[in-house]
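Just so you know, all these numbers are worked out from the coordinates, no wet-lab data involved. Values in this document were obtained by computation on a predicted structure and should not be read as measured data. Neighbour counts are summed over all protein chains in view; Cβ atoms, including those assigned to glycine, are modelled from backbone coordinates with ideal geometry.
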Amino acid sequence: MAFALITGASGGIGLDIAYELAQRKIDLLLAARSEENLLKAKKDISEKFGVRVEYLSVDLSSSEGTRSLTNWVAKNNFEINILVNNAGYGVWGSLEQTSWEKLHNMMRLNMISVVELCQALLPELRKHKQSYIMNIASTAAYQAVPTLSTYAATKSFVLLFTRGLRKELSKTNISVTCVSPGATSTGFVDRAGMNDSLKKRAEKVNMKPSEVARIAVKGMFNKKAEVVPGFINWFSVQMTYLVPKGIPETIAEGLYKT
Ligand SMILES: NC(=O)c1ccc[n+]([C@@H]2O[C@H](COP(=O)([O-])OP(=O)(O)OC[C@H]3O[C@@H](n4cnc5c(N)ncnc54)[C@H](OP(=O)(O)O)[C@@H]3O)[C@@H](O)[C@H]2O)c1
């Protein structure tokens, strides 16, 4: 039986994607840094759904990290027909006030690890009758977001990379989907270092990660190119194509100001 490999599966949207796939009796490989959370997820998911769950505690913000993940897969002869690149986070603040190290680690995780894992696992994904890649971007992929400028740019990268890869693989057994959630109640806001007033604003429009995961997995199996969960998120993405770019940028500037 082939596995689904999910990065960033120790919590948030990634963990709910794991539950969503397990419900469909799909065996899972989970990767993230927090061993304790991964072990908890393994126990709970395998007990509830009777699927096989293995995990690797790994930091994917370096090439050594992504290599140790692909080496672990190869060493254990894990067959994979679903790859979910979900691990990622934002860094909130102006460029002037943010440390290079923080930005660099985020860029490595959000962009480089996604490309590395797709490339390294393509030969494995090619072996199966039908395989899927799901890359998680963000509604921030569709417009510039002041104070989340670098994060939004990493997610634009994910969106365009995913669309390009989808075309490259269109005549193969691999379907490629980009999922772009809007605000979702996970560890994202805390990890990004956002303040309390921003947190409160986000809470008003937050979707539940379980809802995002359900829509994401459905879209992946329906072989959609892009999935934007939630009507408000979908509508705001459509608006970025219809109005001058400065308008959504000014709205975002107001929403995310430091
Ligand atoms: N929540 C939102 O509002 C929102 C909106 C749009 C897009 N997204 C995107 O959705 C994805 C999931 O985020 P989330 O909202 O579920 O946030 P989250 O709750 O903070 O989860 C992030 C996941 O990524 C993992 N991760 C972080 N750094 C890592 C590293 N260096 N190596 C390996 N794994 C790492 C975390 O696990 P460990 O800490 O255990 O490593 C965790 O499992 C991200 O790509 C995010 O950009 C989120």
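Are any residues in the stretch 89-101 touching a residue at least 24 places away in the same chain (Cβ under 8 Å) and either among the small types (Gly, Ala, Ser) or in contact with a strand residue (DSSP E or B) (Cβ under 9 Å, 6 or more places away or on another chain) (or both), and if so, which ones?
Within the stretch 89-101, Gly90, Gly93, Ser94 meet the criteria.
Go through the stretch 28-41 and count every residue that is surrounded by 20 or more Cβ atoms within 10 Å (Cβ to Cβ) and more than 10 Å from the ligand (Cβ to nearest atom).
Residues in the stretch 28-41 being surrounded by 20 or more Cβ atoms within 10 Å (Cβ to Cβ) and more than 10 Å from the ligand (Cβ to nearest atom): 2 in total.
Working only within the stretch 158-194, note down all residues that are part of a helix (DSSP H, G or I), within 25 Å of Gln238 (Cβ to Cβ) and away from the ligand (no atom under 12 Å from the Cβ).
Leu160, Phe161, Thr162, Arg163, Gly164, Leu165, Arg166, Lys167
Tell me the residue from Ser61, Ser68 that is of a type in the set (Ser, Thr, Tyr) and in contact with a His (Cβ under 9 Å, 6 or more places away or on another chain), please.
Ser61
Within the stretch 43-82, work out how many residues are assigned to a strand (DSSP E or B) and within 14 Å of the ligand (Cβ to nearest atom).
Going through the stretch 43-82 one residue at a time, the tally reaches 3.
Going through Lys155, Lys199 one at a time, which residue ends up being within 13 Å of the ligand (Cβ to nearest atom), closer than 18 Å to Glu226 by Cβ and basic (Lys, Arg)?
Lys155
Anything in the stretch 124-139 that is within 15 Å of the ligand (Cβ to nearest atom) and touching a residue at least 60 places away in the same chain (Cβ under 8 Å)? List them, or say none.
Selection gives Met134, Ile136, Thr139.
Could you give every pair whose Cβ atoms fall below 6 Å, whose first residue belongs to the stretch 102-114 and is of a type outside the set (A, V, I, L, M, F, W, C), and whose second residue is assigned to a helix (DSSP H, G or I) and within 11 Å of the ligand (Cβ to nearest atom), counting only separations of at least 6 or pairs across chains?
Pairs that qualify, where the first residue is of a type outside the set (A, V, I, L, M, F, W, C) and the partner is assigned to a helix (DSSP H, G or I) and within 11 Å of the ligand (Cβ to nearest atom), are Asn110/Thr154; Ser113/Thr66.
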